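The values are calculated or read from the model by the stated rules, or taken from the named source; none is laboratory data. Just so it is clear, the model here is predicted, and its values are computed rather than measured. Cβ atoms come from the backbone with ideal geometry, glycine included; neighbour counts cover every protein chain shown. Quick note on the areas: whole protein, heavy atoms, side chains included, nothing else; ligands and nucleic acids left out. Shrake-Rupley method; radii C 1.70, N 1.55, O 1.52, S 1.80 Å.
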Amino acid sequence: MGRKFIVGGNWKCNGTNEEVKKIVATLNQGEVPSEDVVEVVISPPFVFLPLVKSLLRSDFHVAAQNCWVKKGGAFTGEISGEMLVNLGIPWVILGHSERRALLGESNEFVGDKVAYALSQGLKVIACVGETLEQREAGSTMDVVAAQTKAIADKINDWTNVVIAYEPVWAIGTGKVATPAQAQEVHADLRKWFQANVSAEVAESIRIMYGGSVSGANCKELAAKPDVDGFLVGGASLKPEFIDIIKSATVKSST
Ligand SMILES: O=C[C@H](O)COP(=O)(O)O
């Protein structure tokens, strides 16, 4: 099928200098499948990006957790895409639900951010996902489609975009989506791409699942045909993250 498995570790707003060094040491010792089988992207808080980049094994890559919506300038507290490029950071996570919910990032704002980051040469993990209320109201796909459309309205080339489907109710709750629930939304998203972008993008775009992924549940999720990887929060700070990376072999053996 040709979609390389991708596993991201989103450390969110966690870590001290000492803890970061320990986590990186654990990652560096981990025995994982080769880069041909799995792409690994580690996303520490901004302040630790240079440290992580300098210490991390060369087969793992680094991502920022956000960046500013346009060129830098008088935007106190923001970090621009150009700065990430300047530091040699290849990836950025955009539109995470925590930023959408807590910092008021709208679908359109996230679309603008994705477009600007891509224009600077960054690769983007773009997050989408519904709340529990939205799921219970039966509007999961409407919500996810609207979030994806806001990005599609602003970009033409999806080569450097990975979608992370993260149901908000599964994030940090220990309430993981069942493999069938994840597969259903991933497959529907692929259908959305087919109808609204192109058959090629629908086939090639990678869709990660995020929300309470752990060493214990990753294999079952990875076995689903439209699950192309994981965006991991809490478990990415723990040694079990290595097991999650290893779940890529479920894919390569099918
Ligand atoms: O970006 C990662 C997600 O928000 C998932 O977080 P979690 O694995 O702690 O549920």
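Need the failing condition index for A222 against (1) in contact (Cβ under 8 Å) with a residue 40 or more places away in the chain; (2) within 16 Å of the ligand (Cβ to nearest atom); (3) open to solvent by 10 Å² or more (accessible area, probe 1.4 Å), just the number.
Of (1) in contact (Cβ under 8 Å) with a residue 40 or more places away in the chain; (2) within 16 Å of the ligand (Cβ to nearest atom); (3) open to solvent by 10 Å² or more (accessible area, probe 1.4 Å), only one is false for A222: (3).
Restricting the first residue to the range 69-85 and requiring it to be closer than 19 Å to I125 by Cβ, which pairs with a second residue that is among the acidic types (D, E) meet a Cβ separation below 6 Å and a spacing of at least six or different chains?
V69/D112
Out of the residues in the range 225-243 that are of a type outside the set (D, E), within 27 Å of F193 (Cα to Cα) and touching a strand residue (DSSP E or B) at 6+ places or on another chain (Cβ under 9 Å), which is farthest from the ligand (Cβ to nearest atom)? Give the steps one after another, and end with the answer.
First, the residues of the range 225-243 that are of a type outside the set (D, E): 225, 227, 229-239, 241-242.
Subsequent filtering for residues that are within 27 Å of F193 (Cα to Cα) retains 225, 227, 229-233.
Cutting the leftovers down to touching a strand residue (DSSP E or B) at 6+ places or on another chain (Cβ under 9 Å) gives us 227, 229-233.
Values: V227: 14, G229: 12, F230: 8, L231: 4, V232: 5, G233: 2 Å.
Residue satisfying both the conditions and the ranking: V227.
May I ask you to list the residues in the range 155-195 that are free of Cβ contacts under 8 Å to residues at least 24 places away in the same chain and within 16 Å of the ligand (Cβ to nearest atom)?
T178, Q181
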